[in-house]
Amino acid sequence: MNEPILGVLFDKDGTLFDFDATWNGWAEMTLRDLAGNDDSEARALGELIGFDLGAGRYAPDSAAVAGTPQDIVRLLSPGLPGMDPDELRVRLDASAARVSLVEAAPLERVMAELVAMGFSLGVATNDAEAVARAHLSAAGVEGVFDFVAGYDSGFGAKPTPGMCLAFAAATGISPSNALMVGDSVTDLLAGRAAGMRTVAVLTGRARETDLARLASAVLPHIGYLPDWIAEQG
């Protein structure tokens, strides 16, 4: 019998925010900017991060989708030999903090439902913590989260379980009483490694078949989560 759920930890991009609607346009704009509006150079940079400039979207297996900003810098750097990696990271972070966010479901309503159900809430993202907080603040929901961590918060990056375990410690919840919700295999592996139950959503780039083997359920988006949790008894 499953332990009762007392806390819910969310990934950010592809989970709280629809990945394609939020990040595809940003990636195209950023690649063209880095390439000085040279189309062939922008396409070449896109190939380095698994982004098809012609189609305007990331590949499902792109290393950049669930990676950290450092991963993206590492992937892009061979195509930008004249740019310092630290400068590139700062530039990407600043641009990402200003991205036009598209919520995967009405976040204020969904989070209010979960808070009313008595759950502690958290965010664990492979983005930078400052960028994550800027996004949550822009969506009007930063204040509902008891815990927010990024790859640079000192707990490591997913798929290692450090952020998941830190959420449990910060809220006083056993990992077995926590639920990790994410859109990628990386998210689900991190949650399972921490001893959490996992639920996947289809608002990212991963295929349902890849997610289903690691999750208790695969939901269309997080708007379905309160009802799913209530059904668990």
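The values are calculated or read from the model by the stated rules, or taken from the named source; none is laboratory data. What you see is a predicted model; the values in this text were computed from it and never measured. Here Cβ is always computed from backbone atoms with ideal geometry, including for glycine, and neighbour counts include all displayed protein chains. All accessible areas refer to the heavy atoms of the entire protein, side chains included, with ligands and DNA or RNA removed. Shrake-Rupley method; radii C 1.70, N 1.55, O 1.52, S 1.80 Å.
Can you pull the percent of the stretch 58-124's accessible area that's carbon plus sulfur, 1.4 Å probe, other chains left in place?
It is 53 percent, rounded to a whole number.
Could you state, as a whole-number percent, how many of the C-alpha pairs of the chain are farther apart than 32 Å?
Numbers: 4621 of 27028 pairs.
Above the 32 Å cut-off, the chain has 17 percent of its Cα pairs.
Given a Förster radius of 30 Å and the C-beta distance between D39 and V90 as r, what FRET efficiency does 1/(1 + (r/R0)^6) yield to the nearest 0.05?
Between D39 and V90 the formula returns 0.70.
With n ≥ 4 as the cut-off for DSSP H runs, can you work out [θ] at 222 nm for the chain, using -39500 (n - 2.57) per run divided by the number of residues, rounded to the nearest 500?
Computed mean residue ellipticity for the chain: -11000 deg cm²/dmol.
Please give the FRET efficiency for D210 paired with R109, using the beta carbon to beta carbon distance and R0 = 35 Å, rounded to the nearest 0.05.
0.75
So what's the angle, to the nearest 10 degrees on a 0 to 90 scale, between helix 85-97 and the longest Cα principal axis of the chain?
Tilt of helix 85-97: around 60 degrees.
Per residue, what accessible area does the chain have, given a 1.4 Å probe and all protein chains present, in Å²?
Counting only protein heavy atoms, the per-residue value for the chain is 42 Å².
What spacing in nm lies between the two simple spin-label points modelled at A230 and D52, each 7 Å away from Cα in the Cβ direction?
4.0
Based only on Cα atoms, what mean projected area does the convex hull of the stretch 1-89 have, in nm²?
Answer in nm², one decimal: 7.6.
Would you mind checking the stretch 46-75 for residues with the amide N under 20 Å from a putative spin-label position 7 Å along Cα→C-beta of A130?
68-74
For the stretch 122-233, what log10 I(q)/I(0) values come out of the Debye formula at q = 0.11, 0.15, 0.20 1/Å, with one point per alpha carbon and no solvent?
Values returned for q = 0.11, 0.15, 0.20 Å⁻¹ are -0.33, -0.63, -1.15.
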